[in-house]
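Since the structure comes first, as structure tokens, the remarks are kept for the end.
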Amino acid sequence: MTRINLVLLLAVIASAMYLVNVQYDSRRLFTELDRVTAESHKLETEFERLQVEKRAQATPARVEKIAREKLQMRQATPAITTYVNYSAPVSLANVQAASSGPLAPPAGGTSAAVKPVAGGNP
């Protein structure tokens, strides 16, 4: 009978030690979860603050002011604007097709003028 009591006592002690260990781990994990949750909230708040700051930095008035002051840029006016026309590369087939068409060659001795087909500003 003493052996059974001794075995049961050891089982109760082992169970108590295991219970204490599990409770300790549970409390440790709960405090870590609480700490990580607080850090997550702090990071979300900082992210929102940075988003607001980013929107404030990208306002058109601020960009224009920085362009004028730091980059010495100015508004484009027709007086300082240079327009570049795109002309498609002239191939021999295009010139022959244009000269054999129903239109007569322009006065001035040249055979034909080729206009760009697409993609250019007139």
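Just so you know, all these numbers are worked out from the coordinates, no wet-lab data involved. The structure presented is a predicted model; accordingly, all values stated were derived computationally and were not measured. Counting neighbours? That spans all protein chains shown, and the Cβs are built from the backbone with ideal geometry, glycine included.
Observations, loosely collected:
- Per residue, the Cα convex hull of region 31-85 amounts to 129 Å³.
- Counting only aspartates and glutamates at least 8 places from residue 42 when in the same chain, those with an alpha carbon closer than 17 Å to its own are 32, 34, 53.
- Using R0 = 25 Å, the C-beta based FRET efficiency linking residue 29 and residue 8 works out to 0.20.
- Using the Cβ of residue 59 as centre and a radius below 12 Å, the other residues enclosed give a net charge of +2, where K and R count +1 and D and E count -1.
- The modelled label-to-label distance between residue 49 and residue 82, using points 7 Å beyond Cα along the C-beta direction, is 4.9 nm.
- The loop-placed trypsin sites (Lys or Arg not before Pro) in region 42-74, going by DSSP, that have at most 12 neighbouring Cβ atoms within 10 Å of their Cβ come out as 70, 74.
- Using a Förster distance of 35 Å, the FRET efficiency for residue 65-residue 41 (Cβ separation, nearest 0.05): 0.50
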